[in-house]
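Take a look at the structure set out below.
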């Protein structure tokens with residue numbers, strides 16, 4: 001079964017939205033709110049520990065009705081069912097997309113259960129000291145060596161849930177920059193460190209190069225036989241991992257139907273499991289599973305990922321907004337945006353539709369942002385007074401984890417104030433001069449969550465995963481391949497050969513030839 005392949009711009013709903021946009025594009029939200037005191041009730045969703053307010057958007061009831069009609073016309077429900085049923089919706093790679101199966105506690109696959117049990121046993125042995133290093137000392141540090149989804153997800157979760165971490169120190173080596181690797185190794189003791197090499201193919205250039213640097217460093221004190229106490233692999237390539245020196249018992253499998261940027265829920269999350277303990281890792285999975293059920297079963301008009309995806313299409317394709325900001329009012333979430341950047345821009349940065357045709361409408365929005373209130377002292381000036389329309393998601397928590405309510409009240413006062421200021425500006429207010437004038441009418445979504453827990457974080461991340469799925473279905477693209485990434489890898493092999501051999505004759509572009517020649521000259 002194939003995904004629906006419908007050009008959204010040819011649908012009746014799209015045509016109606018274009019006409020509707022002409023009616024509403026200059027409408028001011030300030031006036032809408034003044035005329036409708038129940039707007040916030042109608043344009044909000046309360047679910048589990050989440051309260052989602054999307055009333056501060058440049059929409060009305062008709063907008064939502066037409067967007068929902070668009071979702072139905074492109075057969076979004078059929079697409080959702082195909083994903084959850086395990087159809088090969090990643091058609092260009094002939095793969096299913098089943099990261100949701102990694103957290104399906106109602107009907108868990110046997111191989112998923114087996115891997116989770118192995119992760120539980122391994123992490124508990126590390127945490128309680130039963131797994132010691134080659135000199136008998138207890139493990140104190142865990143190093144995740146991977147790149148892309150093998151790094152961004154585990155690091156983001158480990159940082160976001162730092163409050164729940166145990167005594168183990170967790171580190172991440174991703175960049176091929178050798179200077180960074182050396183700096184990371186300076187702080188580590190090979191006797192007390194475990195290295196988790198995360199590479200689906202066990203051939204990812206950056207990861208294997210870094211793994212070899214780490215191995216060489218380790219062998220300065222340990223022996224080849226000691227590798228088995230300190231090196232672990234997460235990979236489908238068991239042969240490659242064993243040849244590296246990793247024992248069969250320390251190889252954690254990955255499934256073909258798990259994409260890299262959605263793999264933190266799998267054995268790729270082993271470093272998370274060690275840092276947080278298995279109980280918290282399982283709670284993370286269960287939180288994501290709750291959002292999966294909401295996305296799969298809830299009516300579209302009360303479905304958070306569907307509404308968010310539709311609003312994104314509304315701004316991207318009708319207002320021509322090219323970017324979206326995400327601002328989390330918690331320092332713990334300082335790695336969330338880099339994670340979301342990969343998820344959205346690697347998934348939906350496509351210019352060919354599911355029919356193989358070149359796309360003539362805008363896809364793939366740019367995702368950026370940082371944490372509040374830091375962001376307010378940086379780029380918020382552009383949000384408030386710039387010429388670009390940038391819809392923004394605000395994420396905040398009702399409770400402080402450490403109980404510092406004085407600071408938390410100030411933080412959250414800013415959280416509420418910013419959406420209020422973006423909406424209202426200086427509308428109907430006297431200002432001294434035009435430089436202090438703010439038109440307001442800037443759209444935002446507010447996600448207010450009770451507390452930052454593993455469960456709630458799992459739900460939040462799954463929300464964004466499903467949002468990008470909605471976008472991709474409406475834009476009629478394949479969200480789960482990454483041929484642009486592969487192109488860069490292939491070209492890098494050519495440029496590396498030119499550098500190593502000192503011969504640029506095979507390089508096609510004269511600019512690149514000269515750059516490599518200059519690089520080589522500077523090294524002599």
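The values are calculated or read from the model by the stated rules, or taken from the named source; none is laboratory data. Bear in mind that the values here come from a model prediction, so they are computed numbers and not experimental data. When we count neighbours, we look across all protein chains shown, and the Cβ atoms used for this are built from the backbone with ideal geometry, even at glycine.
Within segment 354-385, track down each residue that is surrounded by 12 or more Cβ atoms within 10 Å (Cβ to Cβ) and assigned to a helix (DSSP H, G or I).
Correct list: 374, 375, 376, 380, 382, 383, 384, 385.
I'm checking my understanding of the structure. Among residues of segment 395-434 that are farther than 20 Å from residue 379 by Cα and in contact with a helix residue (DSSP H, G or I) (Cβ under 9 Å, 6 or more places away or on another chain), which one is surrounded by the most Cβ atoms within 10 Å (Cβ to Cβ)?
397
On the given criteria, is residue 44 more than 20 Å from residue 292 (Cα to Cα) and without any contact (Cβ under 8 Å) to a residue 40 or more places away in the chain?
no
Any residue at all in segment 185-194 that is closer than 22 Å to residue 261 by Cβ, assigned to a loop (DSSP other than H, G, I, E, B) and in contact with a strand residue (DSSP E or B) (Cβ under 7 Å, 6 or more places away or on another chain)? It would help to see each step written out before you state the result.
Initial filter on segment 185-194 (closer than 22 Å to residue 261 by Cβ): none.
No, every residue in segment 185-194 fails to be closer than 22 Å to residue 261 by Cβ, assigned to a loop (DSSP other than H, G, I, E, B) and in contact with a strand residue (DSSP E or B) (Cβ under 7 Å, 6 or more places away or on another chain).
Taking segment 47-71 on its own, how many of its residues are farther than 24 Å from residue 420 by Cα and either outside the structural domain of residue 287 (by TED's automatic domain parsing) or without any contact (Cβ under 8 Å) to a residue 60 or more places away in the chain (or both)?
Initial filter on segment 47-71 (farther than 24 Å from residue 420 by Cα): 48, 65-71.
Next, only the ones that are either outside the structural domain of residue 287 (by TED's automatic domain parsing) or without any contact (Cβ under 8 Å) to a residue 60 or more places away in the chain (or both) stay: 65-66, 69.
Final tally of qualifying residues: 3.
Touching a residue at least 40 places away in the same chain (Cβ under 8 Å), assigned by TED's automatic domain parsing to the domain that holds residue 372 and within 29 Å of residue 284 (Cα to Cα), is that true of residue 422?
On the way: touching a residue at least 40 places away in the same chain (Cβ under 8 Å): yes; assigned by TED's automatic domain parsing to the domain that holds residue 372: yes; within 29 Å of residue 284 (Cα to Cα): no.
Answer is no for this residue.
Provide a single number: the residues in segment 82-95 that are in contact (Cβ under 8 Å) with a residue 40 or more places away in the chain and surrounded by fewer than 22 Cβ atoms within 10 Å (Cβ to Cβ). It would help to see each step written out before you state the result.
Taking segment 82-95 and keeping what is in contact (Cβ under 8 Å) with a residue 40 or more places away in the chain, we get 82-84, 86-87, 89-93, 95.
Within this subset, residues satisfying the condition of being surrounded by fewer than 22 Cβ atoms within 10 Å (Cβ to Cβ) are 82, 84, 86-87, 90-93, 95.
Within segment 82-95, residues that are in contact (Cβ under 8 Å) with a residue 40 or more places away in the chain and surrounded by fewer than 22 Cβ atoms within 10 Å (Cβ to Cβ) number 9.
Within segment 218-240, can you find the residues that are surrounded by fewer than 17 Cβ atoms within 10 Å (Cβ to Cβ), touching a helix residue (DSSP H, G or I) at 6+ places or on another chain (Cβ under 8 Å) and part of a helix (DSSP H, G or I)?
Listed by number, the residues that qualify are 228, 238.
Consider only pairs whose beta carbons are under 8 Å apart and that are at least six residues apart or on different chains; among these, list those whose first residue lies in segment 147-171 and is assigned to a loop (DSSP other than H, G, I, E, B) and whose second residue is at pLDDT below 95 and surrounded by fewer than 18 Cβ atoms within 10 Å (Cβ to Cβ).
148/485
Going by what's in this entry, would residue 15 be described as free of Cβ contacts under 8 Å to residues at least 12 places away in the same chain, over 29 Å from the mean Cα position of the chain (by Cα) and either surrounded by 20 or more Cβ atoms within 10 Å (Cβ to Cβ) or in the same structural domain as residue 393 (by TED's automatic domain parsing) (or both)?
Working: free of Cβ contacts under 8 Å to residues at least 12 places away in the same chain: yes; over 29 Å from the mean Cα position of the chain (by Cα): yes; either surrounded by 20 or more Cβ atoms within 10 Å (Cβ to Cβ) or in the same structural domain as residue 393 (by TED's automatic domain parsing) (or both): yes.
For residue 15, the condition - free of Cβ contacts under 8 Å to residues at least 12 places away in the same chain, over 29 Å from the mean Cα position of the chain (by Cα) and either surrounded by 20 or more Cβ atoms within 10 Å (Cβ to Cβ) or in the same structural domain as residue 393 (by TED's automatic domain parsing) (or both) - is met.
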